[in-house]
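Presented below is the structure to which this report refers.
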Amino acid sequence: MSFRENVQHLRAAHRMTQEQLAMLLGVSRQSVTKWESGKSNPEMDKLLKICEIFGCTLDDLVCGDLTSRPAEPTVAMPDAAPADVCGYDEERRSFARSVSAAVACFILGPACSALLEALGRLADIDHRLVDVLGVLPVLGLVAAGIALVVPAGIRHSAFVRSHPFVEDFYTEEDRTACRTLLTRRLVAGIALILLGVAVCVVVDQYLCLEDLAGGLMLCLVAVGVRSIVLGGMLWGGMDVETYNSANAGAEAEGALGPRSRRDRVTGGLCGAVMLVATLVGLVMLFVPGYQTPLFWLAWPIGGITCGVVSCLTSAFMADE
């Protein structure tokens, strides 16, 4: 007797739907469908959980014949309020913190470089030494951003693969608190960006220190952007229904759905834009004849272009 026949019989004998079994196991309904059709098999932890739910041994479940078991009452579904049993909330918070901090690092690199340029000019240090030192914060903070976002992305992908279905445990109070926090972060972020522009104008106009003005502006922009990105990701992470639907669609079709394709196109275009921006910035920093203290503008312009690309793909690509 096969595993799929055993699990089909046990579920039917306990008068349990695929959705109910999926909820108890923390997987999508499509996963249970695949198990029962013989297209895939659950991992060991899921097998042990099935044995615990139906009161059987692993050998009987995988190799034995459980179809002779009589019908039994439905396995009691949890009556308590839904709980975060897989650590979803901590994972989404950790991922949001890592990504937002990485974005801030990418902006702070050029900011610190511009500040070093300004301090070097004020201290009358050899411009060649200043140029060399100015590269260090760019490289260092870009490396720091990569060190933050790459492990976080790998960890998040592994979490999604392990937990494609999460029961929505957030209460209305949780959503209200997160919505309030999002509003505050958006307002603070926009205020910091506008303050950065104002500081840039004042310093450039009255102190005639272009590098200092740009560096201060980018520092404030970095903090503001991090606040906005963090607030947006934390709010988006509370949409558990979309999380489950996206994972269920990917499992059912074996490929990326329309929403994921749109995100993939957006990510590819934004990656290309930022690569070009980085190349332009490096040319403006190192190549004789093209060198300018405004090299750091390549990255903010690239970021703005990414925002425009994201808006265009959202407007013109179907999300069905």
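The values are calculated or read from the model by the stated rules, or taken from the named source; none is laboratory data. Treat the numbers as computed from the prediction; the structure is a model and nothing was measured. Here Cβ is always computed from backbone atoms with ideal geometry, including for glycine, and neighbour counts include all displayed protein chains. We work out accessible area using only protein heavy atoms, side chains counted, and drop any ligands, DNA or RNA first. Shrake-Rupley method; radii C 1.70, N 1.55, O 1.52, S 1.80 Å.
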Amide H to amide H, which residues 5 or more places from MET238 or on other chains are under 5 Å from it, using H placed in the peptide plane?
-> none
Rounded to whole Hz, the Karplus (6.51, -1.76, 1.60) HN-Hα couplings of segment 172-188, x for glycine and proline = 5, 5, 4, 5, 5, 5, 5, 5, 5, 5, 4, 4, 5, 5, 5, 4, 5
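Counting heavy atoms of the protein chains only and a 1.4 Å probe, report the per residue accessible area for segment 144-248 as a whole number of Å². Provide the component values of the computation, followed by the final result.
On the way: 5530 Å² over 105 residues.
Each residue of segment 144-248 exposes 53 Å² on average to a 1.4 Å probe.
Of all the Cα-Cα pairs you can form in segment 17-56, what percent are over 10 Å apart? Intermediate values should be presented prior to the final figure.
Working: 536 of 780 pairs.
Counting every Cα pair in segment 17-56, those more than 10 Å apart make up 69 percent.
Just add up the charged neighbours of GLN20: K/R +1, D/E -1, any other residue whose Cβ is under 10 Å from the Cβ of GLN20. Numbers along the way, then the final one.
Numbers: positive: ARG11, ARG15, ARG29; negative: GLU19.
Around GLN20, the charge tally is +2.
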At R0 = 35 Å, FRET efficiency that the Cβ-Cβ distance of ASP45 and VAL187 yields, to 0.05 = 0.20
Peptide ranges 170-181, 6-17 listed from the most packed, as the mean C-beta count within 10 angstrom indicates = 6-17, 170-181
Got a sec to turn the phi values of segment 24-40 into Karplus ³J(HN,Hα) couplings, 6.51 cos²θ - 1.76 cosθ + 1.60 with θ = phi - 60°, whole Hz, x for Gly and Pro?
-> 5, 8, x, 10, 7, 4, 5, 5, 5, 4, 5, 5, 6, 8, x, 7, 7
³J(HN,Hα) computed for each position of segment 105-117 - Karplus, 6.51 cos²θ - 1.76 cosθ + 1.60, integer Hz, glycine/proline x = 4, 4, 7, 5, x, x, 4, 5, 4, 5, 5, 5, 4
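Just to verify a number: FRET efficiency for GLU19 and VAL197, C-beta to C-beta distance, R0 = 51 Å, to 0.05?
Values: r = 52 Å, r/R0 = 1.01.
Step by step, r from the Cβ atoms, then E = 0.50.
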